[in-house]
Amino acid sequence: MTEDVSQRFVNFDQWSTQDAIEAMYEGQLLAIAAIKTAVSDIAVAAEGAAERLSEKGRLVYVGAGTSGRIAVQDGAELGPTFGWPQERMVFCLAGGMEALTISAEGAEDDFDDGIKQIREAKVGKNDVVFGVAASGKTPFTLGALKEANALGAMTIGITNNPHTPILEEADYAILAETGSELIAGSTRMKAGTSQKAIFNMLSTAIMTRLGRIYKGFMVDMIVSNKKLENRAVNMICDITDCSAEVAGSSLKTANRHIKTAILITLGENLNSSERILAQAGGNLREALVIMKSIND
């Protein structure tokens, strides 16, 4: 259990820095290894979430303390990486968003605030709610999950302790049993690492199933700076086998929308590219099939 005290580390403060770092490194490896038994559960949850989100639902991240901050970090990356719309993203953090930088430890005990935040977010049947807590029983997160379930949302529980209320409450339960921490109860370490890795896999799999990845490329990436513009040009070159000059011109014509730029590079104009993508539901692979059928 995450709150257990390991006798191995009772004199940790007297260890050499080298030995301490070696032990922490070992703990990080163990945290990742603990996810292995959850891989199938992550995959099933991702498929269920992608199906639910195809109806224009939202991703709702719920957590407290370290777990909440890790949840917010994952969600914040989905816009620039996958072009996930901000209006389809909700964060319910114990203590409010100020708790991202200023600790609000007592807020995690407020079961009713979890319910309140879910209601205020107008969570409904098209939404997918992630509830994450190392202990598996944080009142705020549990309250939010219970209310989300009552409102018909799909719920995914992520915890580090077995046989806990959050795992029982969630539609999809994901357990990474990381055990005791090197510093007793400091779940920002092993438990936190496992949660971040689970979110990495879960959200990436969801976005992939939703057609926001093509041939390993982030084709829905938001092109917001020079580095990302260069990356987008390279994507277009690799996918269409064109020159950087042609790719750059197409990207400009497409108003920096990569999928549209790819269709333009392959011979469509701006209007037809946008129309084909809309017909394909934004899925580039399907759009290319439609384009081929039109031109054959």
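Quick look at the values:
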item	result
Ascending count of other beta-carbon atoms within 10 Å, so fewest first, for HIS257, HIS163	HIS163, HIS257
Residue with peak Gaussian network fluctuation, the chain [Cα springs, cutoff 10 Å], from ASP13, ASP238, ASP171	ASP13
Relative contact order computed over segment 1-159 (Cα-Cα under 8 Å; 6+ residues apart), in percent	23
Relative contact order (percent, whole number), the chain, Cα cutoff 8 Å, 6+ residue spacing	20
Least to most buried among LEU175, LEU266, LEU145 (fewest other Cβ within 10 Å first)	LEU266, LEU175, LEU145
If the convex hull is drawn through the Cα atoms of segment 162-231, its volume per residue in Å³	147
Extreme residue, positive dipole direction of the chain, given options GLY83, PHE12, ALA170 (C-beta unit charges)	GLY83
Label zone at LYS122, where the point sits 7 Å out along the Cα-to-Cβ direction: segment 79-105 residues whose backbone N lies under 14 Å	87-90
For segment 104-226, diffusion coefficient by Stokes-Einstein and Kirkwood Rh (Cα), 25 °C, 0.890 mPa s, µm²/s	155
Local electrostatic count at ILE258 - Lys and Arg +1, Asp and Glu -1, tallied over other residues with Cβ under 15 Å	+3
Distance histogram in 5 Å bins (all Cα pairs of the chain, percent per bin)	1, 6, 11, 14, 15, 13, 11, 10, 8, 6, 3, 2, 1, 0, 0
Global form of segment 103-164, assessed from the alpha-carbon gyration tensor, a/c cut-off 1.5	oblate
Theoretical FRET efficiency, 1/(1+(r/R0)^6), r = Cβ-Cβ of VAL10 and ASP109, R0 25 Å, to 0.05	0.30
Built amide H within the under 5 Å cut-off of ASP110, gap 5+	PHE140
Gyration tensor over alpha-carbon atoms, segment 213-295, equivalent ellipsoid semi-axes in Å	19, 13, 12
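Every number here is computed from the coordinates shown, using simple stated rules; none is lab data. Given the structure is predicted, the values throughout are model-derived calculations rather than measurements. Cβ sites come from the backbone with ideal geometry, for glycine too, and all protein chains shown count toward neighbours.
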